[in-house]
Amino acid sequence: MSAEPTVEGLAEELSTYLDTTRINQVRRAYYYAEQAHEGQMRKSGDRYITHPLAVARILADLRLDHQSLMAAMLHDVIEDTGIPKDALTEQFGEDVAELVDGVSKLTQIEFRSRAEAQAENFQKMTLAMARDIRVILVKLADRLHNMRTLGPMPYEKRQRIATETLDIYAPIANRLGMHSICTELEDLGFSSLYPMRAKYISKAVNKLRGSHREIIEEIRGKLQEKLEERGLPGRILGREKHLNSIYNKMKFKHKSFHEIMDVYAFRIITDTEDDCYRILGAVHSLYKPLPGRFKDYIAMPKANGYQSLHTTLFGMHVNIEIQIRTEEMEHIANNGIAAHWMYKNEPSNVTSVNQARVDRWVKGLMEMRERADDSLEFIEHVKVDLFPDEIYVFTPKGRIMELPSGATPVDFAYAIHTDIGNAAVACRINRNLASLSQPLQSGQTVEIITAPGARPNPAWLSFVITGKARSSIRHVLKTQKRAESLELGRTLLKRSLKGFGAKLADISDAQKQAVVNHNQVNSFDDLISDIGLGNRMAYLVARQLVADADSDGLEASGDERNVDRTPVTISGTEGLLVKFASCCKPIPGDPVVGVMDSGNGMVIHSDTCSRLPDSDEGRARLTHLKWAKDITDEFSVELRVELERQRGVIAEVANAVAMADGNIERINVEDQNAKFGIVSLVVHVNGRKHLARVMRRIRNIRAVTHINRVRH
Ligand code: MN
């Protein structure tokens, strides 16, 4: 390296905002550290003191106070040279010694990964931060310089430090509003962790930048012209997308590289707040603003103090994102909490309205030690990024919802409102359609799509994790089961009554009550529900209902064979109480019968199923069914395909099913011998005709020697 940075270079920069006495204190800390680290080298071969000096330099760029800079100089002294804290207190005072001690303690905490970011360690960190927020600022600068000089470290160590940086330190920087440091940490972390991916993305970005240059320059020129025409001050910056953020958008938001890059982003920095709004008007007159995209963060600053105007224009056949802000807002947007010290050291700015707000914000953080509640609140805020046991997601309107880790969109829906959970049919995560069972992640925006009359699916119980969702689903299913059992029971009872030449409507209330009493149930509805559930036979209840009330008892006459053969119509979508047998897997078109399963309603079997009773008496209890004409549902059917083994034949089978509009639910391959194999398939079809089409397609494959439908 040519000119090694020196403390004098730093002193020169400090002279722009610190007085001589303070600069000399920083100098003294430098010489002290230089002596303490004497003889120590960095992996790069540089003298060790170059590191603390560089850390101080980073903090000087943030215009931090002299104590932070002194702590930066001394930050590795306790840890690496064995000089005790007391010695530092004596030399540099309590504040600086405390800062150095705080940074040393943070250094001892090793966060191996997000999962290992233990509560205890995290607490140590936040406590250190709460004592003096400058501790974390020095630590972030330390980490930033270490990341910049990670190269010579052994591979393992590089991986660990990069992971820790992405998982712990970048999120903290983000939380403190220190955007510049956060993005640099992220990009450095990403490049060390995934060097190849970083290289490819950066290559692609450079290539694209070349082809975009013309249009960018043209837009920039137009914007510049417009500002000049209206006499508005402002410098126009193009905004670069960062590698890590491009990668994350591709990976987590499933966006294509071009989707991400086809947005042209500019920032206009101007003098005053009023100028911001004037410039907004000017750019809106230049290109058409997109409706709903204007955001006024000047009037309504973000929680971390961020202020800016955002708008999106449509011009030159592309979308142009524009941010408009003052220099001061820009500084705060980039440096967040660290910006506080800059303004503290520049009395000319005290009039700024923003100053008061930043002060309040910092004061709030500083007071955390005294006010336990606020401290916890702050920990909660940082925890969002660091802790895996809770996630925070957003409603489309931006409301934040806290859920346990592993929560799904169904849990989210019930957390908003029971009615939304009950009527949920689909969801969008970050505007993309997603499965209702997919576990959510912090920061996602979740939108639940509901349909009137939709009902919870019993399968949801297998993946929801919140108590509220679970109990709500159970409750609805119970109610639904009751409604369905009444409906099915009534259908079965009416059919049985018909066999006796009677109608339910003609049965007197007195007769119903007599049957209710005889069966010792609470109501006639309970009786019907029992029939639907399969706990009672419709035939017996019907016989009791038609029995002559005057004759000796309800068990009276009636021919056992007097069973109505009118089939009950099945449409395939009956719900909880009608199930299709998994043994014979009947599909529309197959002759079917229903078997009442005690407590569970009706199970539909193919009428040739081997599991059906053989005896006449047993068969008499079966319900005769017929299929509705307009069935659109899909049914599972199992196929067994014998074929000659050859390359690509499984793909051919799968393709044949797809060509016949069938969906494969499962495919299994058994090798019979070297020459022949058996493929067993479960496919979804909507009936026998559809099945025939699927089978024909498969049979047409040259290698297929035999195909049949399997029923157990
Ligand atoms: Mn260090």
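The values are calculated or read from the model by the stated rules, or taken from the named source; none is laboratory data. These numbers come from a predicted model, not from an experiment. Cβ coordinates were reconstructed from backbone atoms using ideal geometry, including for glycine residues, and neighbour counts include every protein chain displayed. These area figures cover heavy atoms from the full protein model, side chains too; ligands, DNA and RNA do not enter into them. Shrake-Rupley method; radii C 1.70, N 1.55, O 1.52, S 1.80 Å.
Would you be able to tell me the number of residues in segment 53-82 that are within 15 Å of the ligand (Cβ to nearest atom) and farther than 17 Å from Leu14 by Cβ? Steps first, please.
Of segment 53-82, the ones within 15 Å of the ligand (Cβ to nearest atom) are 53-59, 68-81.
Pick out the ones that are also farther than 17 Å from Leu14 by Cβ and you get 75-81.
Result for segment 53-82: 7.
Here are Asp616, Asp607: which of them is farther than 20 Å from Thr569 by Cβ, without any contact (Cβ under 8 Å) to a residue 24 or more places away in the chain and of a type outside the set (Lys, Arg)?
On the way: Asp607 fails: farther than 20 Å from Thr569 by Cβ.
Only one candidate qualifies: Asp616.
Taking segment 25-59 on its own, how many of its residues are open to solvent by 70 Å² or more (accessible area, probe 1.4 Å) and over 30 Å from Arg158 (Cβ atoms)? Can you show your working first?
Restricting attention to segment 25-59, the residues satisfying the condition of being open to solvent by 70 Å² or more (accessible area, probe 1.4 Å) are 28, 31, 35, 38, 41, 43, 47, 57.
Okay, now just the ones that are also over 30 Å from Arg158 (Cβ atoms), so 28, 31, 35.
Residues flagged as open to solvent by 70 Å² or more (accessible area, probe 1.4 Å) and over 30 Å from Arg158 (Cβ atoms) within segment 25-59 amount to 3.
Assigned to a loop (DSSP other than H, G, I, E, B) and in contact (Cβ under 8 Å) with a residue 24 or more places away in the chain - does that describe any residue in segment 647-655?
We begin by selecting, within segment 647-655, every residue assigned to a loop (DSSP other than H, G, I, E, B); these are 647-648.
Okay, now just the ones that are also in contact (Cβ under 8 Å) with a residue 24 or more places away in the chain, so none.
Checking segment 647-655: not a single residue is assigned to a loop (DSSP other than H, G, I, E, B) and in contact (Cβ under 8 Å) with a residue 24 or more places away in the chain.
Please work out which one of (1) in contact (Cβ under 8 Å) with a residue 24 or more places away in the chain; (2) within 16 Å of the ligand (Cβ to nearest atom) is the condition Lys157 fails and give its number.
Failing condition for Lys157: (1).
For the condition farther than 13 Å from Ser245 by Cα, surrounded by 17 or more Cβ atoms within 10 Å (Cβ to Cβ) and not polar (S, T, N, Q), what is the one hit in Met196, Met153?
Every option except Met153 fails the conditions.
Given the condition under 24 Å from the mean Cα position of the chain (by Cα), farther than 30 Å from Glu156 by Cα, modelled with pLDDT under 85 and open to solvent by 90 Å² or more (accessible area, probe 1.4 Å), answer yes or no: does some residue in segment 208-220 qualify? Give the steps one after another, and end with the answer.
Going residue by residue through segment 208-220, those that are under 24 Å from the mean Cα position of the chain (by Cα) are none.
Checking segment 208-220: not a single residue is under 24 Å from the mean Cα position of the chain (by Cα), farther than 30 Å from Glu156 by Cα, modelled with pLDDT under 85 and open to solvent by 90 Å² or more (accessible area, probe 1.4 Å).
So which residues in segment 302-322 are open to solvent by 20 Å² or more (accessible area, probe 1.4 Å) and modelled with pLDDT of 85 or more?
From segment 302-322, those open to solvent by 20 Å² or more (accessible area, probe 1.4 Å) are 302-304, 306, 310, 314, 316-319, 321; that's our starting set.
Matches in segment 302-322: His310, Phe314, Asn319, Glu321.
In the set Ile236, Ile181, which member is within 16 Å of the ligand (Cβ to nearest atom) and of a type in the set (Val, Ile, Thr)? Give the derivation first.
Details: Ile236 fails: within 16 Å of the ligand (Cβ to nearest atom).
After applying the criteria, what remains is Ile181.
Across segment 393-402, which residue is nearest to Pro439 (Cα to Cα) among those that are out of contact with any helix residue (DSSP H, G or I) (no Cβ under 6 Å at 6 or more places or on another chain) and open to solvent by less than 70 Å² (accessible area, probe 1.4 Å)? Steps first, answer last, please.
Filtering segment 393-402 down to residues out of contact with any helix residue (DSSP H, G or I) (no Cβ under 6 Å at 6 or more places or on another chain) leaves 393-400, 402.
From the residues that got through so far, the ones that are open to solvent by less than 70 Å² (accessible area, probe 1.4 Å) too are 393-395, 398.
On the way: Val393: 11, Phe394: 14, Thr395: 16, Gly398: 19 Å.
Per the criteria, the residue is Val393.
Applying the selection to segment 273-292, what residues are open to solvent by 20 Å² or more (accessible area, probe 1.4 Å) and in contact with a helix residue (DSSP H, G or I) (Cβ under 9 Å, 6 or more places away or on another chain)?
Matches in segment 273-292: Glu273, Ser285, Leu286, Tyr287, Pro289.
Regarding Leu106, is this residue within 24 Å of Ala338 (Cβ to Cβ), within 15 Å of the ligand (Cβ to nearest atom) and modelled with pLDDT under 85?
Judged against the criteria, Leu106 is a match.
Scan segment 631-674 for residues that are among the small types (Gly, Ala, Ser) and closer than 30 Å to Lys579 by Cβ and jot them down. Let's see the steps before the verdict.
Taking segment 631-674 and keeping what is among the small types (Gly, Ala, Ser), we get 636, 648, 651, 654, 656, 658, 660, 662, 674.
Result: Ser636, Ala654, Ala656, Ala658, Ala660, Gly662.
Would you list the helices (runs of 4 or more DSSP H) that sit entirely within segment 405-511 and hold 2 or more residues that are open to solvent by less than 20 Å² (accessible area, probe 1.4 Å)? So that I can check it myself, show each step before the final result.
Details: elements: 409-416, 418-422, 467-499.
In segment 405-511, the matching helices (runs of 4 or more DSSP H) lie at 409-416, 467-499.
Only one of Arg63, Arg28, Arg57 is within 46 Å of the chain's Cα centre (by Cα) and over 18 Å from Val103 (Cβ atoms). Can you tell me which?
Numbers: Arg28 fails: within 46 Å of the chain's Cα centre (by Cα); Arg57 fails: over 18 Å from Val103 (Cβ atoms).
Residue meeting the stated conditions: Arg63.
All but one of (1) in contact with a Ser or Thr (Cβ under 9 Å, 6 or more places away or on another chain); (2) at pLDDT below 90 hold for Ile528, so report the exception by its number.
Tallying (1) in contact with a Ser or Thr (Cβ under 9 Å, 6 or more places away or on another chain); (2) at pLDDT below 90, Ile528 fails exactly one: (2).
Table: residues versus (1) at pLDDT below 85; (2) within 16 Å of the ligand (Cβ to nearest atom); (3) open to solvent by less than 30 Å² (accessible area, probe 1.4 Å).
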site	(1), (2), (3)
Arg112	yes, no, no
Ala141	no, yes, yes
Arg148	no, yes, no
Ile161	no, yes, yes
Glu164	yes, yes, yes
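Can you pull out every residue in segment 32-44 that is part of a loop (DSSP other than H, G, I, E, B) and either within 13 Å of the ligand (Cβ to nearest atom) or touching a residue at least 12 places away in the same chain (Cβ under 8 Å) (or both)?
First, the residues of segment 32-44 that are part of a loop (DSSP other than H, G, I, E, B): 37-40, 42-44.
Listed by number, the residues that qualify are His37, Gln40, Arg42, Lys43, Ser44.
So that you can scan it fast, the table gives a plain yes or no per residue for (1) modelled with pLDDT under 85; (2) over 13 Å from the mean Cα position of the chain (by Cα):
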position: Leu433; (1), (2): no, no
position: Gln444; (1), (2): yes, no
position: Pro458; (1), (2): yes, yes
position: Arg482; (1), (2): no, yes
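May I ask you to say which residue of Val649, Val653 is under 38 Å from the mean Cα position of the chain (by Cα), outside the structural domain of Ser485 (by TED's automatic domain parsing) and either under 27 Å from Tyr539 (Cβ atoms) or open to solvent by less than 20 Å² (accessible area, probe 1.4 Å) (or both)? I'd like the intermediate steps shown before the answer.
Details: Val649 fails: under 38 Å from the mean Cα position of the chain (by Cα).
Checking each option against the conditions leaves just Val653.
Those residues that are more than 28 Å from Thr569 (Cβ to Cβ) and either within 36 Å of the chain's Cα centre (by Cα) or modelled with pLDDT of 85 or more (or both), I need them from segment 619-646; list them, please. First the steps, then the outcome.
Going residue by residue through segment 619-646, those that are more than 28 Å from Thr569 (Cβ to Cβ) are 640-646.
Those that are more than 28 Å from Thr569 (Cβ to Cβ) and either within 36 Å of the chain's Cα centre (by Cα) or modelled with pLDDT of 85 or more (or both): Arg640, Val641, Glu642, Leu643, Glu644.
For segment 188-203, state whether one or more residues are aliphatic (A, V, I, L, M) and farther than 23 Å from Ala265 by Cα. Working first, answer last.
From segment 188-203, those aliphatic (A, V, I, L, M) are 188, 193, 196, 198, 201; that's our starting set.
From what's left, farther than 23 Å from Ala265 by Cα: 193, 196.
Among the residues of segment 188-203, at least one is aliphatic (A, V, I, L, M) and farther than 23 Å from Ala265 by Cα, which makes the answer yes.
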